[in-house]
Amino acid sequence: VRRRQEGEDVDIKVLGPGCRNCVTLEARTREALEELGLDATIEKVTDPAAIAGYGVLATPGLLVDGELVVAGQVPSARRLREQLRR
Amino acid sequence: MPLTEPAVRPTTERRLWLELGGAAAVWTGLYLVNERAWDLVVHGALGLDEASRLGSAVHFFLYDTAKILLLITGLIFVIGLARAAIPPERIRDLIAGRHVAIGFLLAASFGAITPFCSCSSVPLFIGFVAAGVPLGITLTFLITSPLINQVGVVMLAGMVGWRIAALYVVTGMVMAIAAGVLLSRFDLDRWIEPFVHEVVVPVTAADGGKPTLADRVDAAREETRDIVRTVLPYVLVGIAIGAGIHGWVPAGFFAESGIADSVWSVPVATLAGIPLYANVAGVVPLVEAVYTKGLGLGTAMAFMMSVVALSLPALILLKRVMKLPLLLVFTGVVTVGIMTIGVIFDLIT
């Protein structure tokens, strides 16, 4: 499995209309990215139709380089780091 | 330089089980000594008389807060640990393409066991409808999910009793199915915002792989902490008001003032609950307190159901996907459903 290198650029999308869980997920993602030393462009997707279009029914959701890695829950910081490193 | 692995504690599965066992033993001990301990503190150390208003209110507040927090922490953790993660995407795929009768049953059951944040209701609605799940079945799911909530059921069981909590779950599911079936009888699809049908939804979604015990414990601990943090203020305020009612409202107040027997009590309680947006954790202590003082169980239950199932913020969110007539019919049917449950409960108890 290829692992992301420090300084690599990742494209992140946080899916959620802006409730508490989505805010927590975004904050935790930013922390994890910083810890891993990854550069990222973070985009927030708040439109429910767009969110459903990504296949996410329960928010929050997280896309990393176009791949859906989180849906319907806020993962632990450890799990999130693993997902971002892959 | 490749990124280094974070230091993972070498926790073996066996050790984790031992720790879980230890935690369970501590929890049971605390639960067993809870009432005794507060008896000693309130009536002994503080010297407040058991029969006095202040004494009974303070005792009720401390004892019930501790009991409810213990119950929520313990049971939500266990539920989180045991629940095989069933993402709503899989539920939808299970429901889509089944016979309608099975679809309704599945929607009500999954709605009852899967908690989801109220801001998910719109993506859920779009995801279900766009994938071809009939509107009635989608609405059954949308009604059950907030109505039957793990925290609410745990608190109801702890404060009012397991039988009533079970009755609440069963009648709630029956009502949601009845409402969904009724709504599917009318041609309501034209009142869905047209863009909903145009959304292309992928059939499969994120699959995080099979979680290990450590993952489950992590997730359950996190979920428990989040839930306790969210509901704590509501529990405290709810139990404080409940304690006030216990101490100061005379026993039999509702019966003597005629409120309990009035035909209007259920409709008024239901309508009063709609604009209120409170966490279920704050409502159950009120339900318990007024029920103890002789208000009909149905009235108290109808109030609880309408607070959790119907709320203005949730309805405003749903307005994005439902046109006004559908929203009004939906609200109306659920309101009547809740009132019916209230009246039945008042009659049988």
Mind giving me the nanometre distance, one decimal, between the label points for residue B:78 and residue B:36, set 7 Å out from Cα along Cα→Cβ?
2.1
Could you rank B:319, A:44 by how accessible they are, 1.4 Å probe, largest area first?
A:44, B:319
With a 10 Å radius around each residue's Cβ, average the other Cβ atoms per peptide and rank B:334-347, B:23-36, highest first.
B:334-347, B:23-36
What is the spin-label model distance, in nm, from residue B:28 to residue A:50 if the labels are put 7 Å beyond Cα along the C-beta direction?
5.3
Just counting partner chain Cβ atoms within 10 Å, what average do the residues of peptide A:65-73 show around their Cβ?
5
nm² value of the averaged projected area, convex hull over the Cα atoms of the protein assembly as shown
23.4
Over the whole of A:13-20, what's the average partner chain Cβ count within 10 Å per residue? Rounded to a whole number, please.
3
Assuming 0.36 nm per residue, please report the length gained on full extension of the stretch residue B:45 to residue B:226 beyond their Cα-Cα distance.
61.8 nm
Considering Cα pairs under 8 angstrom that are at least six residues apart, work out the relative contact order of chain A and quote it in whole percent.
39
Of the residues B:106, B:317, B:147, which exhibits the maximal mean-square fluctuation in a Gaussian network model of chain B defined by a 10 Å Cα contact cut-off?
B:317
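Go through B:153-160, B:300-307 and give me the packing order, highest mean Cβ count within 10 Å leading.
Working: B:153-160: 22.4, B:300-307: 27.6.
Per-residue mean Cβ counts within 10 Å order the peptides as B:300-307, B:153-160.
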Between the alpha-carbon centers of region B:142-196 and region A:19-80, tell me the distance in whole angstrom.
29
Average partner chain C-beta neighbours within 10 Å, per residue of A:75-82?
4
Cross-link reach list, lysines versus residue B:67, counting only Cα pairs under 30 Å and skipping chain neighbours closer than eight places
B:293
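Using unit Cβ charges (K, R positive; D, E negative) and no other charged atoms, how large, in debye to the nearest 20, is the dipole of region B:197-349 about its Cα centre? Let's see the in-between values first.
Working: 9 positive and 11 negative charges, 55 e Å.
Here the size comes out at about 260 debye.
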Looking only at region B:242-256, which residues have a backbone nitrogen under 16 Å from a spot 7 Å from the Cα of residue B:53 in the C-beta direction?
B:242-254
Rounded to the nearest Å, the spacing of the alpha-carbon centers of region B:294-347 and region B:240-261 is 24
Using a Cα-Cα cut-off of under 17 Å, which lysines could be cross-linked to residue A:44, ignoring same-chain neighbours fewer than 8 residues away?
A:13
Buried solvent-accessible surface, both chains (A, B), 1.4 Å probe, Å² to nearest 100
2600
Under 15 Å Cα to Cα from residue B:319, which aspartates and glutamates show up? Leave out anything in the same chain fewer than 8 places away.
A:47, B:189, B:193
Select from B:105, B:324, B:20 the residue whose mean-square fluctuation is largest in a Gaussian network model of chain B (Cα-Cα springs shorter than 10 Å).
B:20
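The values are calculated or read from the model by the stated rules, or taken from the named source; none is laboratory data. Keep in mind that this is a model prediction, so the values were computed, not measured. Cβ sites come from the backbone with ideal geometry, for glycine too, and all protein chains shown count toward neighbours. Protein only, heavy atoms only, side chains kept; ligands, DNA and RNA dropped before computing areas. Shrake-Rupley method; radii C 1.70, N 1.55, O 1.52, S 1.80 Å.
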